[in-house]
Protein chains: 2
Amino acid sequence: MKKSARQKIAQLSGRIAVRSAKLVELWRGGQRESLHRGHAVICDDKGVVEAWGDPSRIVFPRSSCKMVQALPLIESGAAEAAGLTSRQLALACGSHSGGRIHVEAVAGWLDGLNLTEPDLRCGAHMPRDRDENRRLTCSDQPPCQFHNNCSGKHAGFLTLNRHLRGGPDYVAPDHPAQRAVKQTFEEVTGETSPGHGIDGCSAPNWSCSLEGLARAMAAFARPGGDRRGRAMRQLVDAMRAHPELVAGEGRACTVLMRAMRGSAAVKTGAEGVFVAILPDQGLGVAVKITDGATRASEAAITAILLHLGALEAADPAVSRFLTGPIRNWRGLVTGEMRRARGFPS
Amino acid sequence: MKKSARQKIAQLSGRIAVRSAKLVELWRGGQRESLHRGHAVICDDKGVVEAWGDPSRIVFPRSSCKMVQALPLIESGAAEAAGLTSRQLALACGSHSGGRIHVEAVAGWLDGLNLTEPDLRCGAHMPRDRDENRRLTCSDQPPCQFHNNCSGKHAGFLTLNRHLRGGPDYVAPDHPAQRAVKQTFEEVTGETSPGHGIDGCSAPNWSCSLEGLARAMAAFARPGGDRRGRAMRQLVDAMRAHPELVAGEGRACTVLMRAMRGSAAVKTGAEGVFVAILPDQGLGVAVKITDGATRASEAAITAILLHLGALEAADPAVSRFLTGPIRNWRGLVTGEMRRARGFPS
């Protein structure tokens with residue numbers, strides 16, 4: 001593992017925790033206006049390959065671990081019993097924009113389970129998808145739970161629950177579905193979770209070290225031949241095959257996966273988390289921006305994918321999330337985003 | 001000036017710059033999920049009264065210094081010559097929501113100057129105001145420059161420009177209107193600005209130390225009897241009298257000024273800046289969140305107003321921006337915001 005000077009000093013001084021690292025800066029008029037600190041880790045199947053900040057920092061993966069939360073769905077045999085397609089598996093791992101393509105797919109999925117919208121426990125919010133948002137706004141229709149960006153994950157929970165014959169409150173931390181998720185999460189991160197928080201979609205979200213999250217992503221990057229390995233491969237293949245179902249048009253996950261032509265899977269999480277799975281290199285990446293900013297987690301994961309050669313500097317996705325100028329309402333360039341010194345190299 | 005331990009250590013060790021301070025934290029499931037660092041300064045007419053982080057940190061005030069940018073409008077005699085009302089002065093200091101009330105007021109203002117929308121240089125963006133945004137969205141109408149949150153400031157620039165007989169490009173840094181703004185800005189901050197950046201509305205935004213910004217706000221809080229003092233009093237009175245024109249329904253500036261019943265004026269700025277003017281105490285406050293997060297600048301200024309006794313803990317505005325629980329789409333409490341240890345006391 002390559003260590004930063006600060007990490008070496010911290011180790012020598014016997015400190016356990018390492019300070020966060022400067023990752024992304026915003027510049028205006030030749031002066032640094034804002035700074036995003038955070039932690040980033042790259043792991044292979046042996047452990048940490050490279051890190052910035054503190055790999056041992058405990059984080060809530062939020063939606064970035066949806067592919068982990070979807071493992072029991074496949075390993076239990078529930079996905080096969082319900083005849084789930086690759087598109088449905090991609091939706092289970094996604095935080096979609098609530099467009100027609102997403103809403104109709106989730107509605108159809110529940111219909112196939114003889115369930116209806118009220119069976120979901122994710123809650124309703126207006127969709128990010130511009131056309132669907134406009135349709136609801138201008139027809140005075142409220143959004144439904146199918147519009148929730150996590151409805152695909154919840155359809156997966158309901159499918160697992162049908163198989164486990166659990167009760168209707170499938171988001172309760174002690175519900176069989178969530179107990180299965182917790183056990184799997186601790187197995188793939190290789191850690192006992194310090195505890196859980198309730199996510200925006202009401203499901204429990206278990207915390208782990210950023211290194212544990214990157215370790216789990218590395219396992220998805222180089223899955224074994226066993227039942228778990230096959231489940232991991234199915235989910236990564238589904239995400240790479242259907243980037244438009246993992247997020248939506250214009251969103252970072254969709255744009256970055258398309259830019260990498262399916263060579264890697266990436267997933268964002270609320271409060272500045274982003275992960276990447278790189279099968280060709282057998283690497284897993286996890287990023288947490290201390291302040292929770294999405295603009296910074298998108299820039300940081302783009303910087304690391306560039307650093308690893310998974311993205312090309314000339315790709316429009318790179319200028320969009322990292323190197324492109326920041327323009328104002330009249331199109332004038334007002335500033336730029338910069339990688340902090342030493343990040344990622 | 002009360003100094004934090006870190007500030008004392010930094011002084012003893014002869015360092016000029018002091019590290020940012022932990023100001024606002026987000027907690028979920030009993031674990032800290034995100035952290036916002038920053039700098040905050042309280043000044044009176046003699047200088048710094050209390051500070052967190054580094055008072056000498058250079059910042060772009062962005063929209064938080066609109067009352068400073070409006071001083072030449074009054075001091076030049078342009079406002080009186082144009083017969084500007086208190087409502088128009090409030091709009092000149094505001095970052096409005098682009099609601100009908102704001103759009104019609106600015107349109108009428110330009111009409112009174114025999115100018116039209118294309119004379120503005122702020123650019124157009126969709127309004128925050130829900131009703132106006134919906135009206136434009138559902139009638140397929142694009143927003144115009146009147147909708148720009150800075151259109152009141154720009155109407156002020158045009159009024160000043162009419163008086164100065166300057167050219168049409170009133171946002172050029174070397175235009176007489178902006179030269180007057182720069183000179184005034186350096187006088188009230190008591191500093192020579194390191195330089196300017198181009199703001200979202202295309203106007204130059206001059207940088208200064210956070211202490212300089214707080215010092216300027218303290219001058220607005222206890223204005224003298226001279227021409228400048230009278231101009232400062234007019235602007236602060238206008239902001240306090242028309243909180244709905246300084247921002248809009250539900251927005252922090254409007255909600256906080258109403259909660260303080262006009263006893264103080266507050267103004268937000270992009271990238272995590274917030275200032276407060278407290279005439280009763282003769283104090284000026286300036287906050288900069290290092291990462292630029294608005295949720296944190298709103299929480300931090302609320303915490304300081306509470307600390308200074310300008311707000312009451314029981315006020316709904318306090319729970320809204322600082323102490324209230326964070327709920328998800330189903331209304332479940334998922335977390336809370338906390339003041340970091342030592343902030344503000």
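The values are calculated or read from the model by the stated rules, or taken from the named source; none is laboratory data. For clarity, every value in this text was computed on a predicted model and none was experimentally measured. Here the Cβ positions follow ideal geometry from the backbone for every residue, glycine too, while neighbour counts run over all protein chains shown.
Here are the criteria: (1) surrounded by fewer than 23 Cβ atoms within 10 Å (Cβ to Cβ); (2) of a type outside the set (Ser, Thr, Tyr); (3) closer than 29 Å to A:Gly212 by Cα; (4) touching a Ser or Thr at 6+ places or on another chain (Cβ under 7 Å). Tell me which single one A:Glu80 does not satisfy.
Condition not satisfied by A:Glu80: (4).
Just to check your reading of the model, which residue among B:Leu311, B:Leu306, B:Leu283 is modelled with pLDDT of 95 or more and more than 24 Å from B:Leu26 (Cα to Cα)?
Numbers: B:Leu311 fails: more than 24 Å from B:Leu26 (Cα to Cα); B:Leu306 fails: more than 24 Å from B:Leu26 (Cα to Cα).
Result of the check over B:Leu311, B:Leu306, B:Leu283: B:Leu283.
Residues of segment B:275-293 being without any contact (Cβ under 8 Å) to a residue 60 or more places away in the chain and either surrounded by fewer than 24 Cβ atoms within 10 Å (Cβ to Cβ) or within 14 Å of chain A (Cβ to nearest Cβ) (or both), which ones?
Within segment B:275-293, B:Pro279, B:Asp280, B:Gly292 meet the criteria.
Considering only segment B:156-274, give the strands (runs of 3 or more DSSP E) lying wholly within it that have at least 1 residues that are buried (at least 20 other Cβ atoms within 10 Å of the Cβ), away from chain A (no Cβ under 14 Å) and under 17 Å from the mean Cα position of the chain (by Cα).
Ranges flagged: B:265-269.
Which residues, taken from segment A:26-66, are basic (Lys, Arg), away from chain B (no Cβ under 14 Å) and in contact with a strand residue (DSSP E or B) (Cβ under 9 Å, 6 or more places away or on another chain)?
Scanning segment A:26-66 gives a single hit, A:Lys66.
Tell me, please, whether a residue that is within 14 Å of chain B (Cβ to nearest Cβ), in contact with a Pro (Cβ under 6 Å, 6 or more places away or on another chain) and in contact (Cβ under 8 Å) with a residue 12 or more places away in the chain can be found in segment A:294-302.
no
Name the one entry in A:Asp54, A:Asp45 that is surrounded by 24 or more Cβ atoms within 10 Å (Cβ to Cβ), more than 30 Å from A:Arg134 (Cα to Cα) and in contact (Cβ under 8 Å) with a residue 24 or more places away in the chain.
Being surrounded by 24 or more Cβ atoms within 10 Å (Cβ to Cβ), more than 30 Å from A:Arg134 (Cα to Cα) and in contact (Cβ under 8 Å) with a residue 24 or more places away in the chain holds for just one of A:Asp54, A:Asp45, which is A:Asp54.
Considering only segment A:249-266, state which residues are farther than 18 Å from A:His307 by Cα and among the polar types (S, T, N, Q).
Matches in segment A:249-266: A:Thr254 only.
Which one is farthest from A:Pro344 (Cα to Cα) among residues in segment A:16-42 that are in a loop (DSSP other than H, G, I, E, B) and touching a residue at least 40 places away in the same chain (Cβ under 8 Å)? Spell out how you get there, then give the answer.
Taking segment A:16-42 first, the residues in a loop (DSSP other than H, G, I, E, B) are A:16-20, A:29-30.
From what's left, touching a residue at least 40 places away in the same chain (Cβ under 8 Å): A:16-17, A:20, A:29.
Numbers: A:Ile16: 22, A:Ala17: 20, A:Ser20: 14, A:Gly29: 24 Å.
Applying the filter and picking the extreme gives A:Gly29.
Restricting the search to segment A:79-134, which residues are among the basic types (Lys, Arg) and away from chain B (no Cβ under 14 Å)?
A:Arg87, A:Arg100
How many residues does segment B:242-268 contain that are over 20 Å from B:Val103 (Cβ atoms) and out of contact with any strand residue (DSSP E or B) (no Cβ under 9 Å at 6 or more places or on another chain)?
Here the count works out to 5.
Taking the criterion of being under 21 Å from the mean Cα position of the chain (by Cα) and at positive phi, would at least one residue in segment B:107-124 satisfy it?
Within segment B:107-124, one or more residues are under 21 Å from the mean Cα position of the chain (by Cα) and at positive phi.
Go through segment B:311-339 and report how many residues are in a loop (DSSP other than H, G, I, E, B) and either within 11 Å of another protein chain (Cβ to nearest Cβ) or surrounded by 23 or more Cβ atoms within 10 Å (Cβ to Cβ) (or both).
Number of matching residues: 6.
Looking only at residues that are of a type in the set (Lys, Arg) and touching a Lys or Arg at 6+ places or on another chain (Cβ under 8 Å) in segment A:120-162, which one is farthest from A:Ala252 (Cα to Cα)? Write out each step before concluding.
We begin by selecting, within segment A:120-162, every residue of a type in the set (Lys, Arg); these are A:121, A:128, A:130, A:134-135, A:153, A:162.
Adding the requirement that they be touching a Lys or Arg at 6+ places or on another chain (Cβ under 8 Å) leaves A:121, A:128, A:153.
Numbers: A:Arg121: 26, A:Arg128: 13, A:Lys153: 19 Å.
Within segment A:120-162, the match that is farthest from A:Ala252 (Cα to Cα) is A:Arg121.
Give segment A:194-203 a look and list any residue that's in contact (Cβ under 8 Å) with a residue 12 or more places away in the chain and closer than 18 Å to A:Ala270 by Cβ, or say none.
Scanning segment A:194-203 gives A:Gly195, A:His196, A:Gly197, A:Asp199, A:Gly200, A:Cys201, A:Ser202, A:Ala203.
Within segment A:289-296, identify whether any single residue is part of a helix (DSSP H, G or I) and of a type in the set (Ser, Thr, Tyr), and answer yes or no.
Yes, segment A:289-296 contains a residue that is part of a helix (DSSP H, G or I) and of a type in the set (Ser, Thr, Tyr).
Just to be sure before I move on: is B:Arg87 surrounded by fewer than 24 Cβ atoms within 10 Å (Cβ to Cβ) and over 27 Å from B:Arg227 (Cβ atoms) in the structure I sent?
Criteria not met by B:Arg87.
Could you tell me which residue of segment B:58-79 is nearest to B:Ala180 (Cα to Cα), considering only residues that are of a type in the set (Val, Ile, Thr) and in contact with a Pro (Cβ under 9 Å, 6 or more places away or on another chain)?
Taking the candidates together, the pick is B:Val68.
Counting only residues that are not hydrophobic (A, V, I, L, M, F, W, C) and not in a helix (DSSP H, G or I), which one in segment B:132-155 is nearest to the chain's Cα centre (by Cα)?
Step by step, filter segment B:132-155, then rank; the result is B:Asn149.
Could you please let me know if A:Val68 is among the β-branched types (Val, Ile, Thr), in contact (Cβ under 8 Å) with a residue 40 or more places away in the chain, out of contact with any Gly (no Cβ under 9 Å at 6 or more places or on another chain) and buried (at least 19 other Cβ atoms within 10 Å of the Cβ)? Give the derivation first.
On the way: among the β-branched types (Val, Ile, Thr): yes; in contact (Cβ under 8 Å) with a residue 40 or more places away in the chain: yes; out of contact with any Gly (no Cβ under 9 Å at 6 or more places or on another chain): yes; buried (at least 19 other Cβ atoms within 10 Å of the Cβ): yes.
So A:Val68 passes the test.
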